[in-house]
1. Per the helix-only calculation at 222 nm, which mean residue ellipticity applies to the chain, given -39500 (n - 2.57) for every DSSP H run of n ≥ 4 and division by its residues, nearest 500 deg cm²/dmol?
2. Sort 94-105, 239-250, 257-268, 171-182 by packing, meaning the average of other beta carbons within 10 Å per residue, with the highest value first.
3. Report, ordered by chain and residue number, the lysines lying within cross-link reach of Lys18, taken as a straight Cα distance under 23 Å and ignoring same-chain residues fewer than 8 apart.
4. When only C-alpha pairs under 8 Å and at least 6 residues apart count, what is the relative contact order of the range 55-120, in percent?
5. Taking the DSSP beta bridges in the chain as the whole, what percent of them are antiparallel, to the nearest 5?
6. Give me the percent relative contact order of the range 103-191, please, defined on Cα pairs under 8 angstrom at least 6 residues apart.
7. Which helices count as membrane-span-like in the chain under these terms: full DSSP H, at least 15 Å along the axis by C-alpha, Kyte-Doolittle mean of -1.0 or more?
8. Could you work out the per residue convex hull volume over the alpha carbons of the chain, in cubic angstrom?
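Just so it is clear, none of the values below were taken in a lab; they were calculated from the coordinates. Please read these numbers as outputs of a predicted model, since none were measured by experiment. Virtual Cβ from ideal backbone geometry, glycine too; neighbours counted across all protein chains shown.
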Amino acid sequence: MTATNGTKPVLSHAHLFKNAGTTLDWSLERSFGDRFCDHRDDANMRGNPGYLADFLQSNPQLQALSSHWLPFPLPDVAGQRLIPLVILRNPIERILSVYEFERRQDVDHPGTRKARDGDLQSYVSWRLEKGTGPVVRNYQVRMLSGMYPGYGDGTQFDRAVALLDDLPAIGMVDRYRESVVMFEQALKQDFPELDLSFRRQNVRDSSDQRSSDERRAAVEDELGPLLQSVRDANSLDIALYELACRRFESDWQGLKESDVLLDELDARCMKLGES
């Protein structure tokens, strides 16, 4: 993905809630400095590609931008070429992270109150109800389709899959180190000095050394009788995640000297204090 016809590449990170986006933003800010924008004007950005186009044209110094509400499909911007970055997460494992984040938030809204007042089952049972916001119901498909909240249907799934097909590389929370390597390699022609080494940010428990599968199994056990309802409510997210896993594994296996690149990343991260 090299710059053509005088267009400037601009990394556009879709910072999905509880998908390691804060860590990636930390790396982007470190790599780009004041050429990176952590965009927080959600009201204007949400569902508004025209706003994003105008914002980027008004800030021509930017080479990377992150938003919780990046509008898809990304707009055409004169003289610029927007390159989407996305990190996906196992939707079942993600639920516990959403719950624990809401429990510790120092704000007052229905989600935080429900999380603080009950256990995971009571919180998820409430979140499965319509009208509570689909933060644990096919959330990733809804966001990547550009049709949030929508109905969580096949049209949204098809649009989310089309976006994945257009990504230079797919990020995965449970394989974050490999994801960083994949991002750097896929983007090195456009950004030869890109350095996404990291210190993990906004981590619930850095001492938790369980694998993603072990954490997912623990969440499934804790959900108990709600598990099938959760799976049904996230059937599209599960299908999207499985597609992404297959693409990721294929890309990783096809990457030359992947082990060497991973060792080099680990060395850079250790210098930053990431163990």
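1. After summing the helix terms and dividing by the residues of the chain, the value is -15500 deg cm²/dmol.
2. Sorting 94-105, 239-250, 257-268, 171-182 by mean packing, highest first, produces 171-182, 94-105, 239-250, 257-268.
3. Cross-link targets: Lys114, Lys130.
4. The value is 20 percent.
5. 5 percent
6. Worked out over the range 103-191, it gives 13 percent.
7. Helix filter hits for the chain: 21-32, 91-104, 154-166, 176-187, 235-253, 258-271.
8. About 137 Å³ per residue, rounded to a whole number.
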